[in-house]
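Okay, structure first, notes after.
The values are calculated or read from the model by the stated rules, or taken from the named source; none is laboratory data. The structure displayed is predicted, hence computed values, not measured ones. Every residue, glycine among them, receives a Cβ derived from its backbone with ideal geometry; neighbour counts consider all protein chains shown. Ligands, DNA and RNA are stripped out before the accessible areas are found, and what is left, the full protein with its side chains, is counted by its heavy atoms. Shrake-Rupley method; radii C 1.70, N 1.55, O 1.52, S 1.80 Å.
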Amino acid sequence: MKLYMFCFLLMFLIPGVLPAQNGAITGVIADPQGQPISDVRISLHKQKLAGYSDPAGRFHIYNIPPGVYQLVFKHVGYEVHRRDSIRVAAGQTVDVGRVVLTETVLLLSGSFVTATQTGRTLADIPVAATLVPRELLEERNGKTSAEVLREESGIFVQKTNHGGGSAIIRGLSSNQILLLVDGVRLNNSTYRLGNHQYLTTVDNNALERIEVVHGPTSVLYGSDALGGVINLITRRPPLHAAAGTLQSDISLFGRYASADGERTGRAELSLYNHRWALLVGASRKHFGDLRRGGNSDDPEIENSTNGLKQSPSGFDGYDLDAKLVFVPTPRSELLIAFQQFRQDEIPRYDKYESGDNVLWLYSPQHRQLSYGKFTQHFEQDFLKQAQVTLSFNRQEEGRITQKGPEDDIVRERDRVNTYGLAARIVAGYKGHQFSLGGEVYLDDVASRRVLENPHTARPTPEARGRYPDGAGYQSFGVYIQDEWHLSARWMVLPGVRFSYFRTAFDLPAAVLGGVDLDNINLDFSALTASIGSMYRISPVFSLTANAGQAFRAPNLSDLSKFGESKGNTFEVPNAALKPEKLLSVDAGIRWNHSRMQGSLVGYYAVVSDLLGSVPALFNGSPQIIAAGDTLQVKRKENIGKAYLSGFEFSFNANLRARLSWYGNAAYTYGQSTTADEPISKIPPFFGLMGLRYHYHRWQAAFYARFAARQNRLSADDLDDPRIPNTGTPGWYTLNLRGNFQPTPGITLTLALENVLDKNYREHASGINGPGRNLVVSLRLLH
């Protein structure tokens, strides 16, 4: 703990001298009709300084060292604009006057991503990646962070309940996908293999963008990054006010949806000047019971017991967040952030629909993240940047269950405190750019289970909770990755990483059927490598290829879980597990023309020591009596080898100056070679097709989402009551949406989802999708 305090204080004590004679650039941005454009990003080419235009189109960039610069203006819906030879002298403010942007329809693939941790465009990296910028987040106007990803190529979203949302990438999901928030690891040692709700614990209304890397990325991010990485990047306050003045912005947002009576509200306040900025936001959310579609030809998913209403499924929640940015010098920055998420009493609807329970709630679902990040840029030929991040993440998850009215109420509550320290250096030398870094994460776990008499409310503590109380789990990793530009057309991206894990916990006799195992100490290690390559055939076409290793170290959910699981199963511990490992190759082609942009990637991956649930014994019996029910005993085991293959395709065609045709499709085939059966929970062929029209201050889109039938089911799938025995039916929905900006700072968004009121279910979900759904939202910026 002393080490963390020392590092935290060090970030404040790093000295810097603020130059007194830097300059500034100012101006006004407008469309061809003379109307101001807000939220345009203005950056200095090959520099870290940038700013955004306000509702009046004005922008200011301060603390610019003397020199000659190129200004770059970027905004979704407008062509990229550049101003060359802007000369800034010491103490001078340069007014570039009115900048006019030309409207167009763009594929949203040109913005910066952190797939390489060095800041590149999607067109400049070999790995397959997806970017959802703020403009597209606001256009889609999703309910949760998970739902805004449903329209991206290769990302399938499963929902166990109305409050859930788990992404599946290349056939891998849950703790095989790594979640980051502002680059800070969200996965902890209790993230389960079954699909979960952790992605939705990050407020989508507070996001600046979402970055997704498809495929193994363990070299940079360590364990869990088999299927990919999802990095949810939250908004930061602007730094573009005049020196010596304090400015403020207020943003208000409201959203209503008819399918569940949703009412969401958010308020943001930003305070800023030329050296520091503060953003504080709060969201309040109410979701009622979700109404499914009434138009159905599939009786196997028409099981709601209250007509079309899936009851109970509603819940309430709120989010708080704050971010402080301090710039002591033009080349250094200190960022401190806080996030809090709370939801309580979220019904697991499928347990009610099946009649298995009279009570089944996730409660609580709380997350609290605090971190400090110090970044220093250097004016050196070799050393470019150094960054240190100190973080604390607290995750609380509970379950309240009751089988029948006379059965005990079971209350489970798990808490994981995760302490993190990460450091990274970026250096360059003769066509190479190196990223060197490492991180340490320490988990402290508390878990308890209490039985409560339904008549007297008298609690009786159980011998242990779902996980060992007082367990610890530590991870450590170091890595190096090189961006090597062999020529102007060809770059390669090799990297290597070493990771080490250690865990300690006890398994009392009550858990292992009379065998008391104290002081279990386990460790795991892995050496992983990857290499990517991109070759530009022409200014339009590029070829990409990647080969990489990934791994997932067994966590406490795999090793020590003791409790009821999906369906009628009860999971018991198994401390004799090995990490699951993946070797993947992919190859693709990209095209980026003014009239057509897109990509096609094919992949093949082999998974060894795959972790899965298999039948087991408890006290010599394959069954256990829990709360009056007979449950089948299972445990995690390394069940052998499997392979995954498939493709991801996306495109955008500019048909006219303001009209575009866009779409994507993805397919994964997964097979266990050891068990000679499909891999569990593999999505079907799915995708999207749509038309988008943009004119002046309004835009509209008509699109269809679809998925084919999935009847390739594993034995584990057939045990899951959420999946019909004949497979999940195929489906499609037709959808309309549009937004209108009557004046700068006011945006009205309207959508009519599932126009035909189709009844459908995303594969492996525990609740059907919404029926015909009118969505209205209003965003105000002052």
*R0 = 35 Å: FRET efficiency of Tyr500 with Arg394, Cβ-based, nearest 0.05?*
0.90
*Convex hull volume of the range 678-782 per residue (C-alpha atoms, cubic angstrom)*: 118
*Counting only residues 5 or more places away or on other chains, whose amide H sits under 5 Å from the amide H of Ile639 once H atoms are built in the peptide plane?*
Leu610, Leu611, Gly612
*asked:* Can you compute 3J(HN,Hα) from phi for each residue in the range 336-345, using the Karplus curve 6.51 cos²θ - 1.76 cosθ + 1.60 with θ = phi - 60°, rounded to whole Hz and x for Gly and Pro?
replied: 10, 9, 9, 9, 9, 10, 9, 9, 9, 6
*Accessible area per residue in Å² at 1.4 Å probe, computed on the range 146-200*: 11
*Give, rounded to the nearest 20 debye, the magnitude of the charge dipole that the chain has about its Cα centre when Lys and Arg contribute +1 at Cβ and Asp and Glu contribute -1 at Cβ.*
2180
_Degrees separating the helix 2-13 axis from the principal Cα axis of the chain, which is the longest one_ = 20
*For the chain, what is the mean residue ellipticity at 222 nm derived from helices alone (per DSSP H run of n ≥ 4: -39500 (n - 2.57); sum divided by total residues; nearest 500 deg cm²/dmol)?*
-1000 deg cm²/dmol
*asked:* Spelling out what I want: for every residue of the range 261-274, take phi, set θ = phi - 60°, compute 6.51 cos²θ - 1.76 cosθ + 1.60 (Karplus), and round to whole Hz; glycine and proline get x.
replied: x, 4, 9, 10, x, 9, 10, 10, 10, 10, 10, 7, 9, 7
*Please give the FRET efficiency for Glu452 paired with Gln368, using the beta carbon to beta carbon distance and R0 = 25 Å, rounded to the nearest 0.05.*
0.40
*Reachable aspartates and glutamates from Lys323, Cα under 20 Å, same-chain residues fewer than 8 places away excluded?*
Asp39, Asp54, Asp182, Asp203, Glu208, Glu211, Asp249, Glu268, Glu333
*the range 388-496, accessible area per residue, ligands and nucleic acids excluded (1.4 Å, Å²)*: 44
*asked:* Can you give me the % of accessible surface on the chain that is carbon or sulfur? Probe 1.4 Å, all protein chains present, nothing else counted.
replied: 58
*Whole-Hz Karplus ³J(HN,Hα) for the range 771-778, in order, using 6.51 cos²θ - 1.76 cosθ + 1.60 and θ = phi - 60°, x for Gly and Pro?*
x, 3, 9, 8, 10, 10, 9, 9
*Report, ordered by chain and residue number, the aspartates and glutamates lying within cross-link reach of Lys309, taken as a straight Cα distance under 15 Å and ignoring same-chain residues fewer than 8 apart.*
Asp260, Glu262, Asp289, Asp350, Glu353, Asp757
*Quick one: which of 347-353, 485-491 comes out on top by average Cβ neighbours within 10 Å, and what's the full order, highest first?*
347-353, 485-491
*Quote the charge dipole size of the range 399-555 about the Cα centre in Debye, to the nearest 20; the model charges only the Cβ of Lys and Arg (+1) and of Asp and Glu (-1).*
720
*Could you rank the peptides 453-461, 361-369, 223-231, 588-596 by their average count of other C-beta atoms within 10 Å per residue, with the highest value first?*
223-231, 361-369, 588-596, 453-461
*Which GluC sites (Glu not before Pro) does the range 221-314 hold that lie in a coil by DSSP with at most 15 other beta carbons within 10 Å?*
Glu302
*Out of these labelled values of Rg/Rh (Cα atoms, Kirkwood Rh), [x] 0.96; [y] 1.03; [z] 1.08, which was calculated from the coordinates shown here?*
[x]
*With a 10 Å radius around each residue's Cβ, average the other Cβ atoms per peptide and rank 527-539, 550-562, highest first.*
550-562, 527-539
*Please report, in debye to the nearest 20, how large the charge dipole of the range 341-418 is about its Cα centre when each Lys and Arg carries +1 at its beta carbon and each Asp and Glu carries -1 there.*
360
*Can you bin the range 146-267 into rounded, prolate or oblate? Criterion: square roots of the alpha carbon gyration tensor eigenvalues sorted a ≥ b ≥ c, rounded for a/c under 1.5, prolate for a/b above b/c, oblate for the rest.*
oblate
*In square angstrom, what is the accessible area per residue of the range 519-638 with a 1.4 angstrom probe?*
42
*Could you sort out which of Lys581/Lys681; Lys561/Lys681; Lys285/Lys758; Lys373/Lys430; Lys159/Lys373 sit more than 23 Å apart by Cα distance in this structure?*
Lys285/Lys758; Lys373/Lys430; Lys159/Lys373
_Straight-line reach from Lys578: which aspartates and glutamates fall under 13 Å, measuring Cα to Cα and dropping same-chain residues less than 8 apart?_
Asp523, Asp558, Asp609, Glu637
